[in-house]
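Below is one structure; the comments refer to it alone.
The values are calculated or read from the model by the stated rules, or taken from the named source; none is laboratory data. As the structure is a computational prediction, the values presented were derived from the model and not from experiment. As a convention, Cβ positions derive from the backbone with ideal geometry for all residues, glycine included, and neighbour counts pool all protein chains shown. Ligands, DNA and RNA are excluded from the accessible area calculation, which covers all protein heavy atoms including side chains. Shrake-Rupley method; radii C 1.70, N 1.55, O 1.52, S 1.80 Å.
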Amino acid sequence: MAGSTPFRKLRLRKQGDPAETQVATTDPVTGPEAPGGSARAEPGAHPDTAPAVPAVPGPDGGTRRDAAARRMQAVKDGVRKGGGSVRDAAVYLTDRVIDLAPRVPVRDLDTLRAQFPGLGPEQLADKLVLGAANASSTVGAGIGAAAMLPVPPAMPAELAAEITAVAAIELKLIAELHEVYGRRPPGTLKQRSFAYLTAWTEERGVDLTKPTTLNAALGGGMKRELRQQIMKRMIRTLPNLMPFMVGAAVGAVMNRRDTRKVAEKVRADLRRQAVAWEAMRSLPPLEQPVEPLPEATLAALEARNPFTRD
C-alpha cells in the first residue's frame, strides 16, 4: 500500500503443521536489521518466546489498600531515619516533656470557682475532665488529618507534637484537679510541676504525706518510668497515622478515652484525701510560668487544632 511502511515475512507454516503457527514481521526501522531493533511476534508465538503478561491493577479497594501500605511503610522509614529507634525517640520526648512541665499554666481554685460559678467540687472536676478530653480529642484528630499530607517522613515531628501537646493537656488537668480537691503540693512552681509530672507518669494523685517523693521527683527511677509511659503513648498513637482520614477518627476517640482514663485514676486517689472547701485554709494564688509554651502546645490547651496552618 502506498505510503505504508514495507514489511516482509520471515516465516510461515501451513495450517495443520504439527508445530504451532508462527508469523513474525520485521520493521525495517525497528526490526533486527535496525540498531537496537527486535522482532515482533504475532499472537501465535511459542510460549518460550511470549512476552510476560503485565499485572492487571486490582479494584479500587485493593489499590487503596496498596497505597495505604506504601504510606505506612514510608512513615516507618521516616521514623527510623528521624529518630534512629523508638528508645531514642522516647528519650528525646522525655526531655521535651520535663522541659515543658513548669511552663504549663495552671488555674488555682479561686480562679476556677470564678469561671464556673455555682458548681461543687465534683461538678467542677467533671467540667475540667470534659474540657481536657475535648482538647486531646482535637489533637488526635489533627494528627490523623496530618497523615493525609503528601510528605510521610514529616510524621515524626507531628507525632512528637501530639505527644507533648497531650502531655501538657493532661498535666494541666491533673494540677487543676489537685486544686479542686484541696491537695496542692507544697513548694515552688518547679517542684509542684515535677510532682504533677510524677502523678501523670504513675496515673495517680500526689501523696502529700511522702515529702521524699516530692524531693526525688526527677530521680533516675522517675525518669525511667516517664520514658516508659511515653513509649506506651507512642505505640498507642501509631494508629493515628492511618491514611484516608481513618487516623483522624481513631486519634480523636483514642485520645479522649486515654485522657478520661488518666483523669478517673487521679480523681479516685484525690477523692479519698479530699479537703472540703469550707475547711481549706487560704492559699496564695498560683504563680504563672515566665517562659511561654510553644504556640502549637498552647493551641492544644485551648482546644484549637494545633496542626492547622493559619
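Yes or no, residue by residue, for (1) within 20 Å of R260 (Cα to Cα); (2) aromatic (F, W, Y); (3) touching a residue at least 24 places away in the same chain (Cβ under 8 Å):
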residue	(1), (2), (3)
L100	no, no, yes
L109	no, no, yes
G118	no, no, no
L124	yes, no, yes
L130	yes, no, no
S137	yes, no, yes
G140	yes, no, yes
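How many of the residues making up the range 255-286 are at pLDDT 90 or above and open to solvent by 70 Å² or more (accessible area, probe 1.4 Å)?
So the answer is 12.
Condition first: hydrophobic (A, V, I, L, M, F, W, C), open to solvent by 20 Å² or more (accessible area, probe 1.4 Å) and within 19 Å of the chain's Cα centre (by Cα). Now tell me which residues in the range 154-210 satisfy that. Lay out the reasoning, then the answer.
Residues of the range 154-210 hydrophobic (A, V, I, L, M, F, W, C): 154-155, 157, 159-161, 163, 165-169, 171, 173-175, 177, 180, 189, 194-195, 197, 199-200, 206, 208.
Still in the running and open to solvent by 20 Å² or more (accessible area, probe 1.4 Å): 154, 157, 161, 189, 194, 208.
Within the range 154-210, A154, A157, A161 qualify.
If I filter the range 212-241 down to residues being among the polar types (S, T, N, Q) and either crowded, with 17+ Cβ neighbours inside 10 Å or closer than 13 Å to A160 by Cα (or both), which single residue comes out as modelled with the lowest pLDDT?
So the first thing to find is which residues in the range 212-241 are among the polar types (S, T, N, Q), and the list is 212-213, 215, 228-229, 237, 240.
Subsequent filtering for residues that are either crowded, with 17+ Cβ neighbours inside 10 Å or closer than 13 Å to A160 by Cα (or both) retains 213, 229, 237, 240.
On the way: T213: 52, Q229: 87, T237: 66, N240: 57.
That would be T213.
Being farther than 24 Å from A89 by Cβ, aliphatic (A, V, I, L, M), modelled with pLDDT under 90 and assigned to a helix (DSSP H, G or I) is true for just one of A249, A175. Which residue is that? Step through it out loud before you land on a result.
On the way: A175 fails: modelled with pLDDT under 90.
So the residue among A249, A175 that is farther than 24 Å from A89 by Cβ, aliphatic (A, V, I, L, M), modelled with pLDDT under 90 and assigned to a helix (DSSP H, G or I) is A249.
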